[in-house]
Amino acid sequence: MEIKAVCIIGAGVMGSGIAQLVSTHGYNVNLVDLNEEILNRAKSGIAKNLEKFFVAKNKISKEEAENVLNRISLNANKEQAIVGVQMVIEAVYEDMALKQRLFFELDAICDKDVILASNTSSLSITSIASKSKFRERIVGIHFFNPAPVMKLIELVRGKKTSDEILEKSKNFSESLNKTVVVVNDAPGFVTTRLIYVLCNEAVKMKREGIASTEDIDVACKLAFNFPMGPLELSDLVGNDIYLHIGEYLAKKLGDKYKPSPLLKEMVDNNSLGRKTKKGFYVY
């Protein structure tokens, strides 16, 4: 079945970015969230991103930007939004129970040929699919922030994911002009497991007073040619997200992945990073 239309559940930073990306490459998108206020804010954000980073830089024309927006439909009712789509991509909060409930529901209401994909950055695809009946159609498609710009997609094969679904998902991902790496299901996959260790170690060094926030980040940027330092990145992703990832990895892989106490302190103080205007930096 050829993929022509995609439903994206979750209109936050990642969901909105994925919607923009998928629509830019000619697919029709049904974007879903809890209410119209969230959805309208997301679409307004997409419009601003298209203007600032694409139209203003002569990467696309105003007409092309309008076409991208016109291919994105908003719907607070996921049962309506899945009608006529060939793939559903979940981009909700990184919580296993939440994702399991969602995929159980999607598995029951979607036609059996519809691919069900999770954008999780760390949670087991096998576990996410464990409550569902048709587990062979569930796959991980891990986009990176910002989704319209970052070149990589991490395609994650659960224990029950079929060869056919994996191949279709790979072809779809490559149609978005992305480089695709295929990994077997494991906590944190490849990228999150590695970057979490770096970011958590940077938080530990900050707590120990080894260097300032700025100097830790500058050292990593200049020594390793990183576009941003690990503490900047933690603020961008969300310190709460990294705390949640660390707790999950520690539970699955051992105490060496345990989050720094400073990370928990910051989350408790609502210093989540860019989304709360304060984290390791003030925004």
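Every number in this text was worked out from the coordinates using simple rules, so none of it is lab data. Small disclaimer: the values here were computed from a predicted structure and weren't measured. All Cβ positions, even for glycine, are placed from backbone atoms using ideal geometry, and neighbour counts span all protein chains on display.
The one condition from (1) more than 18 Å from SER122 (Cβ to Cβ); (2) surrounded by 13 or more Cβ atoms within 10 Å (Cβ to Cβ); (3) among the charged types (D, E, K, R) that ASP268 does not meet is (2). Among the residues of region 127-137, those identified as surrounded by fewer than 20 Cβ atoms within 10 Å (Cβ to Cβ) and within 21 Å of the chain's Cα centre (by Cα) are SER127, SER130. Evaluating VAL92 against the criteria (1) part of a loop (DSSP other than H, G, I, E, B); (2) out of contact with any strand residue (DSSP E or B) (no Cβ under 7 Å at 6 or more places or on another chain) leaves one unmet condition, (2). Scanning region 160-211 for residues that are among the hydrophobic types (A, V, I, L, M, F, W, C), under 30 Å from TYR281 (Cα atoms) and part of a loop (DSSP other than H, G, I, E, B) returns PHE189, VAL190, ILE210, ALA211. Report yes if LYS78 is charged (D, E, K, R) and free of Cβ contacts under 8 Å to residues at least 24 places away in the same chain, otherwise no. No, not satisfied. Of everything in region 15-52, what is in a helix (DSSP H, G or I) and in contact (Cβ under 8 Å) with a residue 40 or more places away in the chain? Give them in sequence order. Correct list: GLY15, GLY17, ILE18, ALA19, GLN20, LEU21, VAL22, SER23, THR24, GLU36, ASN49.
For region 109-126, taking the residues that are assigned to a helix (DSSP H, G or I) and buried (at least 17 other Cβ atoms within 10 Å of the Cβ), the one that is nearest to the chain's Cα centre (by Cα) is identified as ILE125.
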